[in-house]
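The values are calculated or read from the model by the stated rules, or taken from the named source; none is laboratory data. Quick caveat: nothing in here was measured; it's all calculated off a predicted structure. Cβ: placed from backbone, ideal geometry, glycine included. Neighbour counts: every protein chain shown. For the accessible areas, the whole protein counts, side chains as well, though only heavy atoms, and no ligand, DNA or RNA atoms are used. Shrake-Rupley method; radii C 1.70, N 1.55, O 1.52, S 1.80 Å.
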Amino acid sequence: LSQGGAGPIVPLEAGMRTVSVAAVQAGGAPEVPAGAVAVAYNVTVPGPGAGGHLRVMPGDATSLTGASAVNFRAGESIANGLVAKLAPDRTLKLYNGATAAVDAIVDVVGYFVPAASASAPQLAAGRFTPVAPVRVYDSNTGGGLTAAQATTTVDLSPVVPSGGSAVAYNITVVGPAGSGHLRVFPADQAMPNASSINFAAADRVANGLTVQVSADRTI
């Protein structure tokens with residue numbers, strides 16, 4: 001699903017763009033039904049004229065989220081996959097943090113419905129509980145650069161309640177000295193072969209994914 005068609009998003013809050021995900025697909029069924037609380041989506045910035053970032057938040061958000069959804073350089077076409085809470089009217093809000101207007105494409109790949117258990121929705125199996133973005137690890141402020149060929153354990157227990165089984169997260173690599181990749185996995189499991197994010201030297205790149213957490217809520 002990609003719609004809106006109102007032209008490039010101008011910088012800063014003056015250009016905040018509200019996007020509906022309630023479109024009707026072929027056959028008459030809604031793309032995202034009424035009552036959905038969040039969407040899994042991919043956002044693409046094609047060939048921006050300046051470097052910067054986009055932020056994505058619920059359409060009824062009254063304050064600007066501090067987390068970027070995708071970071072980009074001038075002329076770089078880049079995409080990122082994430083999960084975002086929806087406003088009750090099934091809208092998202094896009095903020096352009098670049099110094100020039102940029103185009104954006106939002107493709108919805110799925111949605112989340114409310115948990116069946118109203119008393120403890122965060123514990124209902126397979127349900128998504130949206131939270132305000134929380135930065136749980138930053139090597140610039142807590143421990144220095146992540147060493148080559150080494151692992152770092154991140155504790156998610158301040159954010160993920162007991163019984164939580166996975167997290168939707170955004171990971172950003174800032175100015176690496178060389179090319180490579182990061183892998184993210186539960187701290188009590190063997191390291192997988194799949195990378196979570198790939199980067200080139202001096203890149204500033206982000207990616208959004210979902211990962212299982214260990215029994216003690218670490219990755």
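Specify which labelled value, from (1) 92, 53, 36; (2) 48, 47, 32; (3) 57, 45, 39, agrees with Cα extents along the principal axes in Å derived from the coordinates of the model shown.
(2)
Rolling a 1.4 Å sphere over the protein heavy atoms, what is the accessible area per residue of the chain, to the nearest Å²?
54 Å²
Consider just the alpha-carbon atoms of the stretch 133-219 and return their Rg together with their Dmax, both in angstrom.
Just the Cα atoms of the stretch 133-219 yield Rg and Dmax of 13.0, 39 Å.
Counting only protein heavy atoms, what percent of the accessible surface of the stretch 63-219 is carbon or sulfur at a 1.4 Å probe?
52 percent
Taking Cα pairs under 8 Å and at least six residues apart, what relative contact order does the chain come out at, in percent? Working shown, then result.
Working: 485 pairs, mean separation 46.1, N = 219.
Dividing the mean separation by the residue count of the chain yields 21 percent.
Once each part is reduced to its C-alpha centroid, what is the distance from the stretch 37-101 to the stretch 193-219 in angstrom?
Distance between centres, Cα-based: 19 Å.
Which whole-Hz ³J(HN,Hα) couplings does the stretch 96-101 yield from phi under the Karplus relation 6.51 cos²θ - 1.76 cosθ + 1.60, θ = phi - 60°, glycine and proline marked x?
Using θ = phi - 60°, the values come out as 9, x, 8, 8, 9, 5 Hz.
Between residue 63 and residue 177, how high is the FRET efficiency from 1/(1 + (r/R0)^6) when r is the Cβ-Cβ distance and R₀ = 30 Å? Nearest 0.05. It would help to have the intermediate numbers written out before the result.
Details: r = 36 Å, r/R0 = 1.20.
Efficiency, from the Cβ-Cβ distance: 0.25.
Please give me the summed charge of the neighbours of residue 67: other residues whose Cβ is under 10 Å from its Cβ, Lys and Arg +1, Asp and Glu -1.
Working: positive: 55, 135; negative: none.
The answer is +2.
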